Amino acid sequence: IYKEILMKIVGLITEYNPFHNGHLYHIKEAKRITKADAAIVVMSGDYVQRGVPAIMPKRLRAEMALKCGASAVFELPVCYATGSAEYFALGAVSLLESLDAVDCICFGSECNDLDALSHVADILGREPRDYRTLLKNNLKKGSSFPAARQSAVLEYTENPAYASLLNDPNNILGIEYLKAMKKLNSSMVPFTIRRKGSHYHDQSLDSGNFSSASAIRSLLAYSGSAIRTEQMGGSFENTSFSSILGELEEQVPFSCLELLKDYHRVAYPVYQNDFSLLLKYKLLNKTPDTLTRYMDVSEELANRICDKLNNFFNYKQFAELIKTREVTQTRVNRALLHIMLGTKKNDVEEYIENGRHFYARLIGYRKDKGKLISHLAKKSSLPVLMRLSEQDSLPPVGKRMLRNDLLASNLYMSVVTDKYKTAFQNEYKQGILKTADR
């Protein structure tokens, strides 16, 4: 068999928002520690797990990854890409599993302790009765779900080290990946590597050349542009783009720097507030009863959205306005994004009941990995979609999932077109990226 004799494949679950040196390190180190010949990437499309649009289009981010060692990039359907950590992880792991060719998964973590992460994943996955009681009690006290869960893990294990794992975002996602692998009884082997350099949320550049994506996004907002729609604060109002690129020279691979230069104010940056009118239009058409149909929207949140709608000035301001102590900002962001994109609870439940995935949508691959794509097409239990004309063979529920993905991308590109006065790139006419050998 091709996979067993000639090729070992590692799966990576990513957002690359945008691609930086830490991501390059992850690809290289994942291949090294797993002894893999190829790295298959499952990446969020035009919207990310924090519940916001990606700073730049998915094809631009995928091209960066392919130029830096990824063998192929598949798109994670938007309902999973913008879901809670649990939905995001289950969607991504199950997609890699369905390819029937991926030997292992490698993810970054702050702790680099697979045994500890696996232990917590087992508790959260099994939810023993005592743990479940502790979690309910903490929620009744008014804690947000993340805080209530962390307290419950501390009380259940009586081990602060286990609870502290839930302080860090990469640890949390790692735990969810492991939970998903256990739930799916996956044959893939997990590996983890320590996150290098800045903390996930750090807003300033790292002197050691491993800055966070958050810091790079913040810097890219200061382009001196009159069309900037994201107010980041700080003292960079007059920073020129050439000086921004100078600061990023040590933080992103050279091939990515070239793409950042070529596509600046052509395809990016894109922010929440660029979607303000789209979101408000959607909200003006809704009532509390209809809002609760959407993912992450509780009855309380639906009522709050409708009560505060007269105070809507822009997307980001409104998201901050309706946040409460019990509901995290990320949860609010996701809820509003689900409303805007039309991601309904019933639809996602139907996807999950019918096997979670109906296709594996390929965004791009390296030309020197053409044999890998042929292998995946033969091995995968899902159709590998390379052209949208191939969707005719999908079941009705799969066609609906794909339509939602296409609509989400077309909305994003419509915003890019309007903001930068560039030609509209309809998702139906987008081809597969094929990057040349390095």
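The values are calculated or read from the model by the stated rules, or taken from the named source; none is laboratory data. Computed from a predicted structure; not experimentally measured. Note that each Cβ is placed from the backbone with ideal geometry, even for glycine, and that neighbours are counted across all protein chains shown. What goes into the accessible areas is simple: the full protein's heavy atoms, side chains included, and nothing from ligands, DNA or RNA. Shrake-Rupley method; radii C 1.70, N 1.55, O 1.52, S 1.80 Å.
For the chain, the residue among LEU139, LEU178, LEU66 whose Cα projects farthest onto the positive side of the dipole built from Cβ charges is LEU66. Computed from the C-beta positions of ASN159 and ARG132, the FRET efficiency with R₀ = 25 Å rounds to 0.85. Here's the picture: a label point sits 7 Å out from the Cα of PHE424 along the beta-carbon direction, and within region 269-300 the residues with their amide nitrogen under 20 Å of it are 270-271, 274-282.
Over the chain, the Kirkwood radius and the radius of gyration, each from Cα atoms, give a ratio Rg/Rh of 0.94. Find the percent of Cα-Cα distances in region 267-306 that exceed 10 Å, and round it to a whole number. Summing the P(r) of region 267-306 above 10 Å gives 72 percent of all pairs. Straight-line reach from LYS369: taking Cα to Cα under 16 Å and skipping same-chain neighbours fewer than 8 places apart, the lysines in range are LYS3, LYS8, LYS31, LYS67, LYS378, LYS379, LYS434.
Taken along its three principal axes, the alpha carbon spread of region 35-93 comes to 31, 25, 14 Å, from the longest extent down to the shortest. Less than 5 angstrom separates the built amide H of ILE363 from those of VAL73, PHE74, GLU75, all sequence-distant by 5 or more or on a different chain. Where both bridge residues fall in region 1-127, DSSP classifies roughly 15% of the beta bridges as antiparallel.
For GLU353, neighbours were defined as the other residues whose beta-carbon sits under 15 Å from its Cβ, and their charges (Lys and Arg +1, Asp and Glu -1) total +2.
Look at where the Cα atoms of region 407-426 and of region 51-88 average out, and the two centres are 17 Å apart.
Label region 383-436 by shape, choosing from rounded, prolate and oblate, from the square roots a ≥ b ≥ c of the eigenvalues of the Cα gyration tensor; if a/c is under 1.5 it is rounded, and otherwise prolate applies when a/b is larger than b/c, oblate when it is not. Oblate.
Starting from the Cα of LEU114, step 7 Å toward the Cβ, then list every residue of region 30-59 with an amide N under 11 Å from that point. Backbone N within reach: 33-35.
Could you compute the net charge surrounding ARG293? Neighbours are other residues with a C-beta less than 12 Å from the C-beta of ARG293; K and R count +1, D and E count -1. Local charge sum for ARG293: -2. Expressed to the nearest 5 percent, the antiparallel share of DSSP beta bridges inside the chain is 20 percent.
Computed over region 380-435, relative contact order equals 36 percent, with contacts defined as Cα pairs under 8 Å that lie 6+ residues apart. Per-residue extension of 0.36 nm, minus the Cα-Cα distance of LYS261 and LYS196, leaves a gain of 20.9 nm for this segment. How big is the gap, in Å, between the Cα center of region 116-193 and the Cα center of region 288-318? Each part's Cα centre sits 29 Å from the other's. Each peptide in 23-35, 90-102 was scored by the mean count of other Cβ atoms within 10 Å over its residues; highest first, the order is 90-102, 23-35. The modelled label-to-label distance between ASN310 and VAL397, using points 7 Å beyond Cα along the C-beta direction, is 4.4 nm. FRET efficiency for the pair LEU277 and GLU29, taken as 1/(1 + (r/R0)^6) with r the Cβ-Cβ distance and R0 = 35 Å, rounds to 0.25.
All other residues whose Cβ lies under 11 angstrom from that of VAL48 are scored, Lys and Arg at +1 and Asp and Glu at -1, for a net of +3.
Shown here are the Rg and Dmax of the Cα trace of region 64-222, at 17.1, 50 Å. Subtracting the Cα-Cα distance of SER389 and ASN346 from 0.36 nm times their residue separation leaves 12.8 nm of extension gain. As a quick test, which of the pairs LYS399/LYS429; LYS286/LYS308; LYS316/LYS344 have an alpha carbon distance above 20 angstrom in this structure? Cα-Cα > 20 Å for LYS316/LYS344; rest within. Taking every protein chain into account, the 1.4 Å probe leaves TYR428 with about 120 Å² of accessible area, to the nearest ten.
For region 140-145, 3J(HN,Hα) computed residue by residue from phi via the Karplus equation (6.51, -1.76, 1.60; θ = phi - 60°) reads 5, 6, x, 6, 5, 4 Hz, glycine and proline entered as x. For region 1-104, what does the alpha-carbon gyration tensor say about shape, rounded, prolate or oblate, given a ≥ b ≥ c as the root eigenvalues, a/c under 1.5 as rounded, and a/b over b/c as prolate? Note, shape of region 1-104 comes out oblate. For GLY83, the residues whose modelled amide H falls within less than 5 Å of its own, excluding neighbours fewer than 5 places apart on the same chain, are PHE88. Report relative contact order for the chain in percent, whole number only (criteria: Cα-Cα under 8 Å, sequence separation at least 6). Answer for the chain is 21 percent. Here the Karplus relation 6.51 cos²θ - 1.76 cosθ + 1.60, evaluated at θ = phi - 60°, turns the backbone of region 103-118 into coupling constants of 7, 8, 10, 10, 10, x, 8, 6, 8, 6, 10, 5, 5, 5, 4, 5 Hz, with x for every Gly and Pro. Relative contact order for region 346-387: 48 percent, from Cα pairs under 8 Å spaced at least 6 residues apart, divided by residue count.
What shape does region 240-308 have by the C-alpha gyration tensor, where a ≥ b ≥ c are the square roots of the eigenvalues, rounded means a/c under 1.5, and otherwise prolate means a/b greater than b/c and oblate the rest? Cα axes put region 240-308 in the prolate bin. In the chain, taking the dipole from charged Cβ atoms about the Cα centre, the farthest positive-side position among LEU245, PHE358, LEU283 is held by PHE358.
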